[in-house]
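For reference, the structure I am asking about is given below.
The values are calculated or read from the model by the stated rules, or taken from the named source; none is laboratory data. Since we're looking at a predicted model, the values are computed, not measured. For neighbour counting, all protein chains shown are included, and Cβ atoms are generated from backbone atoms with ideal geometry for every residue, glycine included. The accessibility values were calculated without ligands, DNA or RNA, using every heavy atom of the protein model including side chains. Shrake-Rupley method; radii C 1.70, N 1.55, O 1.52, S 1.80 Å.
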Amino acid sequence: MAVAVRGSRGGGSGLSLRSFFSYRIFVSALFSLLFIATLSVLLTTNPSTPHHESALPTTGNAYVHRTFLALKSDPLKTRLDLINNQVNDHITLVNAYAAYARKLKLEISRQLRMFDDLANNFSDLTMKPTYRASLFESDGPVDEDVLRQFEKEVKDRVKTARSMIAESKENYDNQLKIQKLKDTIFAVNELLIKAKKNGAFASMIAAKSVPKSLHCLAMRLVGERISSPEKYRDEKPKIEFEDPTLYHYAIFSDNVIAVSVVVRSVVKNAVEPRKHVFHVVTDRMNLAAMKVWFKMRPVEGGAHIEVKAVEDYTFLNSSYVPVLRQLESSSLQKFYFENRAENATKDANNMKFRNPKYLSMLNHLRFYLPEMFPKLHKILFLDDDVVVQKDITGLWKIDLGGKVNGAVETCFGSFHRYAQYLNFSQPLIRQRFNPKACAWAFGMNIFDLDAWRREKCTEEYHYWQNLNEDRTLWKLGTLPPGLITFYSTTKSLDKSWHVLGLGYNPSISMDEINNAAVIHYNGNMKPWLDIAMNQYKNLWTKYVDNDMEFVQMCNFGL
């Protein structure tokens, strides 16, 4: 049994060894056959096939074939192929831009011709007999000198094509066109904003500066006073100036011609002119001119006129009047005078508040009417840029119901509400006033002076004016403090009493204007300026005293 077992083991070992050698022989034979097959493929393929390798199928045999040829081929032919491919690529590119130009019809007569000519130049280059014979139809080696010349001409045309495409690309690239359009819109908008600011500033200068004709008139009136002082001596005050039974007007201005128009328009439309009394207050500089005018041209119909200077009211000093005290401060003077033009054009919204008139006490006298006229019960306040078209004595007969101020409201929709004039981010303003409350017009206001004294409106005005020393409650001007002072003490009048906007709004209907008792040229386009709106100007000029010699001499151009 033991022998049998050993014999069995030895026989199994010999069988395994023979199987191992048979496997190695089989593998070797397989690799030999694969090598022979590959070699036969390489040797049976025609090596003289024309060199259009780019046209061969991308199979494994073809790849091996191209690799073999690459080892044997002329390197100049490879370079020629690269140059030829570059020519074909740029022909395709310029043709694409030419097709896009036809589609968009952009400068079609010029750009299409350029692109077509460029494509033909590339095609003509490859068809030249010299290049055709030496480079594309020859089976022999490539002539390096001819190839170099061909490459130079190709590069020149490629450079021209790329330059033309770069110049024309923005016409065909939508993203570039959109971005360029956005940039253009932004740049034009910036110029528009700047032009608007400069235009508004120029308009403000034209409106607030003293025109040559007005300066001429004032100078000639003063010259008349100097040359004939005996004619213009001050007279004693008339008792009519304090008679509460008459119709009293308050006009505060330094504009002689404007005041004369206001007075003349009232008198010409009054039923009983002799019952009308005008209290004109001006500054010291224009006091002589104003007095001489009304001496030379007395008010018609027996109406009475009193001309005084602000300085004649001695109670108006900086210890009593907050505005005067604030006007003396360096911070407010800096606000007005330091880089004024530059600051104004930077902020168009605040430009109108940087106005010299806000430095004049004439603009703030309206808050001191009871003290200026202590014996009067009612007074009509008129701006110097209004024209009266009807008898307005009915204003004194209106029952104000205990209110202080009778005025026409100016709000419509969300416009001209308190929120537009006061800073409601301030707690004091927010707690005391309704932002939706309707604003009203300053310029024609009937004041009940007895109610004013009873309600202590001047003290109320002082309280808020002191709080606004840093200009955080409202910007400069008289309307915001007026809205505050007479917040709950204003009676709304019918709109036909007072029509506004003739100094800025060209679309006011003539029916509305003709029906109005008082028209107001509020805005920059004052009727005595060259920038006035022509459709409204004659309503003012018809009350100008053109027979006055100095008006003719100063060439008002009316």
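In this structure, is V299 farther than 30 Å from R471 by Cβ, modelled with pLDDT under 95 and over 47 Å from the mean Cα position of the chain (by Cα)?
Yes, satisfied.
Can you confirm whether T282 is polar (S, T, N, Q) and over 40 Å from the mean Cα position of the chain (by Cα)?
The answer is no for T282.
Just give me the residues in the range 243-260 being farther than 16 Å from L380 by Cα, part of a helix (DSSP H, G or I) and either polar (S, T, N, Q) or in contact with a helix residue (DSSP H, G or I) (Cβ under 8 Å, 6 or more places away or on another chain) (or both), in sequence order.
Residues satisfying the conditions are V256, I257, S260.
Okay, moving on. Under 6 Å between Cβ atoms, at least 6 apart or on separate chains: pull out the pairs that start in the range 109-130 with a residue that is surrounded by 13 or more Cβ atoms within 10 Å (Cβ to Cβ) and modelled with pLDDT under 75 and end on any residue that is basic (K, R) and in a helix (DSSP H, G or I).
Matching pairs, first to second residue: N121/R157; F122/R157.
Which ones in the range 523-558 are open to solvent by 40 Å² or more (accessible area, probe 1.4 Å) and in contact (Cβ under 8 Å) with a residue 40 or more places away in the chain?
Passing the criteria: N524, M525, D530, I531, M553, N555, G557.
Which one of V64, V142, V146, V94 is under 30 Å from K177 (Cα atoms) and either open to solvent by less than 90 Å² (accessible area, probe 1.4 Å) or at pLDDT 70 or above (or both)?
V94
Among the residues of the range 282-289, are any in contact with a helix residue (DSSP H, G or I) (Cβ under 6 Å, 6 or more places away or on another chain) and open to solvent by less than 20 Å² (accessible area, probe 1.4 Å)?
Scanning the range 282-289, I find at least one residue that is in contact with a helix residue (DSSP H, G or I) (Cβ under 6 Å, 6 or more places away or on another chain) and open to solvent by less than 20 Å² (accessible area, probe 1.4 Å), so the answer is yes.
Of the residues L324, L369, L332, L362, which is touching a strand residue (DSSP E or B) at 6+ places or on another chain (Cβ under 7 Å) and modelled with pLDDT under 95?
Result: L362 is the single residue among L324, L369, L332, L362 that is touching a strand residue (DSSP E or B) at 6+ places or on another chain (Cβ under 7 Å) and modelled with pLDDT under 95.
Turning to a different aspect of this structure: If you check L502, L449, L539, L529, which single one turns out to be closer than 30 Å to E371 by Cα and of a type in the set (A, V, I, L, M)?
L449
Would a scan of the range 481-493 turn up a residue that is closer than 19 Å to S425 by Cα and among the hydrophobic types (A, V, I, L, M, F, W, C)?
yes
Let me ask something else about it. Within the range 465-481, is even one residue within 23 Å of W396 (Cβ to Cβ) and either of a type in the set (V, I, T) or touching a helix residue (DSSP H, G or I) at 6+ places or on another chain (Cβ under 9 Å) (or both)?
No; the residues of the range 465-481 include none that is within 23 Å of W396 (Cβ to Cβ) and either of a type in the set (V, I, T) or touching a helix residue (DSSP H, G or I) at 6+ places or on another chain (Cβ under 9 Å) (or both).
Please determine whether any residue of the range 262-275 is in a helix (DSSP H, G or I), out of contact with any helix residue (DSSP H, G or I) (no Cβ under 9 Å at 6 or more places or on another chain) and open to solvent by less than 30 Å² (accessible area, probe 1.4 Å).
Within the range 262-275 (the criterion being in a helix (DSSP H, G or I), out of contact with any helix residue (DSSP H, G or I) (no Cβ under 9 Å at 6 or more places or on another chain) and open to solvent by less than 30 Å² (accessible area, probe 1.4 Å)), the answer is yes, since at least one residue qualifies.
Here's a follow-up. Please go through the range 362-393 and pick out each residue that is among the polar types (S, T, N, Q) and not in a loop (DSSP other than H, G, I, E, B).
N363, T393
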